[in-house]
Structures are given as C-alpha cells and as structure tokens.
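Data block below; observations after.
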Amino acid sequence: MSGLAGRLADLGYAAGWRFVPKLPAKRTASVFSFAADLAARRGGKGVRQLRSNLARVVPQADQDELDDLTRRAMRSYARYWHEAFRLPSLAPKTVLEHLDISGTEYLDAALAEGNGAVLALPHCGNWDVAGLWLVNHFGSFITVVERLEPESLYDRFVAFRESLGFEVVPSDGSVSFRALLRGLRDNKVVCLVGDRDLSNSGLPVTFFGEEARFPAGPARLAASTGAALLPVGIWFTDGGWSVRIHPRIRVNARDEIHPATQALAEVFAGDIAAHPTDWHMLQKFWVSDLTEHARVAG
C-alpha cells in the first residue's frame, strides 16, 4: 500500500471505530449495505475477483445468479466491517446471545489432553465474534495479525483485537511461529486464518476442483506440538452468527502436514459451499489466477 493510500486507509479505519458506534445501528447498517450494493454495481477489481471466485464455488450459477451472489457477498463483507467497528463498544454478553456454536466438545477434548489446540478458520463470516466467544469461555487465545503499512494502521488493528481480549503476535515468520509454539506447549489455543497463503510458499491443495495454495502453518504447528488441529466454519445468520468446530484432523509427523492441509481445505470447502456469500475472498486465490511471477515465487 502506497504512503498516501496507507494514510487514507488509516484515517478511514480510525473514523469507523470512532464514529460508527455512536450512531444508531440500523442507520449505519443501511449505509454499509448501500455502499456494498454500489460497489457491486461498479464492479471494481476486487468485486470482479470475488465474482470469479464465487463462480468456482457455485459452478452451476448462471450470469444472473452470479450477479446476485456477488451482491450478497459484498453485503456480507460490509456487514463484517460494520460489526467490527461496533464490536469494541458492545457488551460481550449482548453479542454472544446471538451466537450459535456447535462442536465445542472437540475443543474441550483437545485442551484436556494438555497440548493446546490450533483452530484454523477461513475468511468467512465474523471471526472476531468467534474470538470473543473463545475469550469468554476459555480465556485469551493467541492469534497473528498481518503487518500493515503504515505502522499506525497495524497498531490500530492490534489495539482492536486486544480490546476484545485476544493475545496478538505479529506475522514475523520464525519469531511468531516460536511464540505460537510456546503458547501451545502451555496448553493455550491458537487461532489462525487457514485458507489464504500470504507467503507465496504455501502447500498445493485441490480446492473446488482446482489447485490453490494453503498456508502450512496450522498443520505444521499441530505436528510440532501434538496440539489438536480443529477446522472451524463461521457464517452469518439473520440475527447473529453460527460457528461450527469440526472434528480433529490428525497430524503427528512432518510427512502428514501436506495431507492434513488438504483435509483442512476439504472441510473449508464444505462450509463455504453451504454459505458461499459469507466467504470474503476478494483477492486472487487459485493458482490459475495468479501472475506468472507469483507462480514462480510459490
């Protein structure tokens, strides 16, 4: 992100966290929905890529159906940001009354073993609400925040997630990996977004019938520590959110990391296929969409 673009983004996010909570929720929700519809009609780069991604997820959709899916997906994405700006000002109890969660027994069993748990999530629904639930039921957990420019924007996102009770480490390669290892060895929970590879060194997986690259981190952490690798699905409901913790994916050795990552992709694909408009993927995702340079780098 260029210097000017970064500063403008920082100001925009600052304004969102400052002013959105002070206004009536229904009014601001309508504004965010209107902005999403406008963006969908204009069809900018991110919207076009979102539409292309949805065409893989819902291959039977015709052009009109894809238009509708894209519009609803943009509304879902706008809903996430509207909720993110309001979340720090809301009482956790008020939020969690509208959260439906299943599969908590898998997390209970993992922590009872004493080796921690790695929760791997896709870019779906509102993962911050899921994190708020985790904090209120199991205490703080560890997650990673991508380094952003300018530094003030990164600090703003760290402050946002720390205000919800998350323990945040920066995505600084081996430094953050060691911090996550220490947490798991202390029987803590680590939450990682597991569907988009930001390092260009992810593992090739088959995802909706095409090759994509998923980060190896979740499975690698589980193999290194004995922690349980638990996929998590998240999506919006009319009045709140649903979270599903899936059964453990077994990964005990280095040569099992790749198969475990493929298994993770298959679980994610099932939830995304059921709730395609809540998958907020506005970036190039499949290998066939990447530039030649990115393919070589990967």
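For the reader, a short list of remarks on this structure follows.
- Accessible surface of region 111-216 [probe 1.4 Å, protein heavy atoms]: carbon and sulfur percent: 48
- Where region 155-298 is the region considered: accessible area per residue in Å², 1.4 Å probe: 44
- Averaging the Cα positions of each part gives two centres, and for region 109-144 and region 189-247 these lie 12 Å apart.
- Listed residues Arg213, Arg220, Arg42 arranged by accessible area, highest first, probe 1.4 Å: Arg42, Arg220, Arg213
- Each principal axis of the Cα cloud of the chain was evaluated for its coordinate range; sorted largest first, these ranges are 49, 44, 39 Å.
- Taking only alpha carbon atoms, region 141-298 gives an Rg to Rh ratio of 0.95, where Rh is the Kirkwood radius.
- Distance histogram for region 1-154 (every C-alpha pair counted, 5 angstrom bins, percent rounded to whole numbers): 2, 7, 13, 15, 18, 17, 14, 10, 4, 1, 0
- Computed log₁₀ I(q)/I(0) - Debye formula, equal Cα scatterers, no solvent, region 206-249, q 0.32 Å⁻¹: -1.03
The values are calculated or read from the model by the stated rules, or taken from the named source; none is laboratory data. Small disclaimer: the values here were computed from a predicted structure and weren't measured. When the accessible area is computed, the model is the full protein with side chains, heavy atoms only, and any ligands, DNA or RNA have been set aside. Shrake-Rupley method; radii C 1.70, N 1.55, O 1.52, S 1.80 Å.
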